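These notes are about the structure you will find just below.
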Amino acid sequence: MAIVGHALSIASLLVSLAIFFYFRSLSCQRITLHKNLFCSYVLNSALTLISLIAVVSNPEVVGRNPVGCKVLHFFHMYMLGCNYFWMLCEGIYLHTLIVVAVFAEEQHLHWYYLLGWGFPLVPASIHAVARKRYFDDNCWMSVETHLLYVVHGPIMAALLVNLFFLLNIVRVLVTKLRDTHRAESNMYMKAVRATLILVPLLGIQFVIFPWRPENRLAGEVYDYIMHILMHYQGLLVATIFCFFNGEVQAALKRQWMQYKTQWGQRRRDHCSMRSTSYTATSITEVPTFMYHHDCNSEHLNGRHTEDSELVALKTGETYA
Amino acid sequence: MLFSFCPSCPLTPLSPSLSAAVCQCVSVLACGPHYEYAIEEFCLAKFRLDMQELDQRHWCSWEDTVEPYGELTNCTYLVALKMDCFWPNRLVDEFFIRVHKHYFHDCSMSGRLLRDPPNRILGPFIVVPILVTLLMTALVVWRSKRSEGIV
């Protein structure tokens, strides 16, 4: 069952990544962070699948205790950290964008890459060293040790910090921006809403994990919910960040309309009406800049005329 | 059964029933299959009961298994004594190898049940990464602020 969950997650994440890479009009800094997040989820699910198939269901591998399965476990812990630290990067990015420096220019993403890909090596290495020295069981499979908190502790800290940032953002959006400009605060609320749904979903498994109910029916319900929260995370992330995203849906719809008109044109071409095809394609190309609206306000550089009122808001906010 | 030769069998205070039972089956060829049968019937049964009472997870814990194991060893020694065999002998070795294969085959190399390190070691191992995480987050937030030119 876990294998099904992770396989579905990988499939949906790869589809989302394909969508993000194919539609160049969508790309901006927030989407870049999404792409990195999805990559880390794909790698995490892949490593989980490999360790489930090759190690957990193979008692003779566990008995032989090769070094490879401990290395696999180390990378698994590293990828788990990457998942949660990229979520934290998303939260920090939104926080910097909205609360600290509203409508600022493009941020440098180097520090986000460092926090997302580089830093999780630290808890994973400390866990590996501690495990080797003090609790060196076969393939490090046991979950009965408190040494796992070496990895899970920083993850929970990252989730708490993320939650704090997101609540702060909501507070700012609801109080300050609503008074000045309702439309923009609604737009930012849409950006924040997705992250605000996901962070508790990802974190709640750590909170309710120790409290399995005694009642048999409640216990089974608990097991199912925990199973979905743990193994279908990639699917949840891909759905909430990509498939439910308004501008992604608009871009897909646009592409579908384009294909439909092209097929329609090709059929009509057979009736030798060739001139109409040129006008049809040029009409579909024009409105692309309008779909930059949600993303562009994040890296406002005043190029688009409809953003002039947003520029006024910027000057008002920086001196607030 | 060969009840050919039964040397004097004083009932020892330690295991009266054992001595009586062994005396009935002794023969001049005592250190063969009869010895094996004797230790399996009288010693292994008790050991099996003791280990069943102990939770399987604790089979690898020396502190918990030292008593039944010692009793098993002592029992094989007494049976050998009663049957006038040398102790230890090849049959006892094979017997113990079978016992180890059944009860102790997946204990770790050090031979001890794995335990967490004491709290004074575990504590820093957990707290230090959490603090480093918070520091790193603060660093990233501070650097993002600075890159906007807002201090």
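The values are calculated or read from the model by the stated rules, or taken from the named source; none is laboratory data. In this text, all values refer to a predicted model and were calculated from it rather than measured experimentally. With ideal geometry, Cβ positions are generated from the backbone for all residues, glycine too; neighbour counts draw on all protein chains shown. Just the protein is used for accessible areas: all its heavy atoms, side chains included, with ligands, DNA and RNA removed. Shrake-Rupley method; radii C 1.70, N 1.55, O 1.52, S 1.80 Å.
Which residue is farthest from A:M79 (Cα to Cα), if the candidates are limited to segment A:113-155 and must be within 7 Å of chain B (Cβ to nearest Cβ) and in contact (Cβ under 8 Å) with a residue 40 or more places away in the chain?
My answer is A:P154.
So how many residues does segment A:22-62 have that are more than 30 Å from A:A251 (Cα to Cα), among the small types (G, A, S) and in contact with a Cys (Cβ under 9 Å, 6 or more places away or on another chain)? Don't jump to the end; show me each part of the working.
So the first thing to find is which residues in segment A:22-62 are more than 30 Å from A:A251 (Cα to Cα), and the list is A:47-62.
Cutting the leftovers down to among the small types (G, A, S) gives us A:51, A:54, A:57.
Next, only the ones that are in contact with a Cys (Cβ under 9 Å, 6 or more places away or on another chain) stay: A:51, A:54.
Selection size over segment A:22-62: 2.
Which residue is modelled with the highest pLDDT, if the candidates are limited to segment A:213-252 and must be open to solvent by 70 Å² or more (accessible area, probe 1.4 Å) and in a loop (DSSP other than H, G, I, E, B)?
In this case the residue turns out to be A:F244.
Collect the residues in segment A:237-269 that are more than 22 Å from A:M187 (Cα to Cα) and in contact (Cβ under 8 Å) with a residue 24 or more places away in the chain, keeping them in residue-number order. Outline the logic, then answer.
Of segment A:237-269, the ones more than 22 Å from A:M187 (Cα to Cα) are A:255-269.
A:Q255, A:M257, A:Q258, listed by residue number.
Of the residues in segment A:197-212, how many are touching a residue at least 40 places away in the same chain (Cβ under 8 Å) and open to solvent by 50 Å² or more (accessible area, probe 1.4 Å)? Even if it seems obvious, please write down each step before you answer.
Within segment A:197-212, the subset touching a residue at least 40 places away in the same chain (Cβ under 8 Å) is A:197-199, A:202-203, A:206.
Restricting the remaining residues to those that are open to solvent by 50 Å² or more (accessible area, probe 1.4 Å) gives A:197.
Summing the residues that are touching a residue at least 40 places away in the same chain (Cβ under 8 Å) and open to solvent by 50 Å² or more (accessible area, probe 1.4 Å) in segment A:197-212 gives 1.
List, please: which pairs have Cβ atoms under 8 Å, are six or more places apart or on different chains, and start with a residue in segment A:1-18 that is within 13 Å of A:I53 (Cβ to Cβ) and end with one that is open to solvent by 80 Å² or more (accessible area, probe 1.4 Å)?
Correct list of pairs: A:I3/A:I53.
Residues that are open to solvent by less than 20 Å² (accessible area, probe 1.4 Å) and within 22 Å of A:T195 (Cα to Cα), at least 2 per element: which helices (runs of 4 or more DSSP H) completely within segment A:1-120 meet that? Outline the logic, then answer.
Details: elements: A:2-22, A:29-51, A:59-64, A:67-95, A:110-113.
Answer list for segment A:1-120: A:2-22, A:29-51, A:67-95.
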